[in-house]
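Visitor: Starting off with a structure, shown below.
Every number in this text was worked out from the coordinates using simple rules, so none of it is lab data. Given the structure is predicted, the values throughout are model-derived calculations rather than measurements. Because the Cβ atoms are built from the backbone with ideal geometry, glycine has one as well, and the counts that use them run over all protein chains shown.
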Amino acid sequence: MSNDLENEVLEIKKYPDPVLRKKSEAVEVFDEELEKFVKDLFAAMHVHDGVGLAAPQVGVLKKIAVVEYEGKSYVLINPKIIEQKGTQLSEEGCLSFPGIYANVLRPEWVKIEAQNEKGELQTLEAEGFTARAFLHEMDHLNGKVFIDYLSNLKRNAIKKKISKNTGGHF
Ligand SMILES: [Zn+2]
């Protein structure tokens, strides 16, 4: 394999790519390959100006996601929700849905448990936007996307917009 290939930025899968609907498997091996993949996820997220990215969004069905917000980076491997409180309604987007934004209701605060790339178990508490990002990325690991939270009417309008966009490009 050439260095050029290894340094290539991971391609983001766009809705309706079927990989976005599949459930990811738990990570069991914590090795150099995993550490490299986590770095590659951060790199792809930075290139696309995202605040979070989950492995299925690059076609890898493993329970791995990264989030970066207000200068803090989070690696979420095999994440689980321990507790959640309150609600927040705010606009959300997704790198797999370029140009699409919609208001999504989420818990205001979450406590999650996740491993990092070394396999160490961490408990993380987050509120507001960070909580939203954690939950959005964790949904990806279960084959769920943010438009699933919208009314049929709104969801269909978005699907229509997306199919028009795809028709115009290649
Ligand atoms: Zn997303």
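Visitor: Among the listed residues Ile81, Ile64, Ile100, Ile77, which satisfies the condition of being surrounded by fewer than 22 Cβ atoms within 10 Å (Cβ to Cβ), touching a Leu at 6+ places or on another chain (Cβ under 9 Å) and among the β-branched types (Val, Ile, Thr)?
Guide: Answer to the check: Ile81.
Visitor: Still on this structure, I have one more. With the condition being under 30 Å from Ser163 (Cβ atoms), I'd like the strands (runs of 3 or more DSSP E) fully within region 60-134 carrying at least 1 qualifying residues.
Guide: Of the strands (runs of 3 or more DSSP E) lying wholly inside region 60-134, those with at least 1 residues that are under 30 Å from Ser163 (Cβ atoms) span 64-69, 88-92, 102-106.
Visitor: Continuing with the same structure: Only one of these is on the phi < 0 side of the Ramachandran plot, among the β-branched types (Val, Ile, Thr) and within 16 Å of the ligand (Cβ to nearest atom): Ile77, Ile81, Ile64, Ile112. Name it.
Guide: Answer to the selection: Ile64.
Visitor: State whether the residues of region 48-58 include one that is free of Cβ contacts under 8 Å to residues at least 40 places away in the same chain and surrounded by 15 or more Cβ atoms within 10 Å (Cβ to Cβ).
Guide: Scanning region 48-58, I find no residue that is free of Cβ contacts under 8 Å to residues at least 40 places away in the same chain and surrounded by 15 or more Cβ atoms within 10 Å (Cβ to Cβ), so the answer is no.
Visitor: From Ala26, Ala43, which residue is away from the ligand (no atom under 15 Å from the Cβ) and more than 17 Å from Met138 (Cβ to Cβ)?
Guide: Just a single option satisfies the conditions, and that option is Ala43.
Visitor: Would you be able to tell me the number of residues in region 53-80 that are in contact with an Asp or Glu (Cβ under 8 Å, 6 or more places away or on another chain) and over 14 Å from Lys13 (Cα atoms)?
Guide: Adding up the residues that qualify gives 11.
Visitor: Take the residues in region 12-27 that are of a type in the set (A, V, I, L, M) and in a helix (DSSP H, G or I); name whichever of them is surrounded by the most Cβ atoms within 10 Å (Cβ to Cβ).
Guide: Once the filter is applied, the top-ranked residue is Leu20.
Visitor: Can you tell me which residue is farthest from Thr87 (Cα to Cα) among those in region 103-155 that are buried (at least 21 other Cβ atoms within 10 Å of the Cβ) and among the basic types (Lys, Arg)?
Guide: Going through the qualifying residues, I end up with Arg132.
Visitor: Would you check which residues across region 125-155 are within 10 Å of the ligand (Cβ to nearest atom) and among the acidic types (Asp, Glu) and list them?
Guide: Glu137, Asp139
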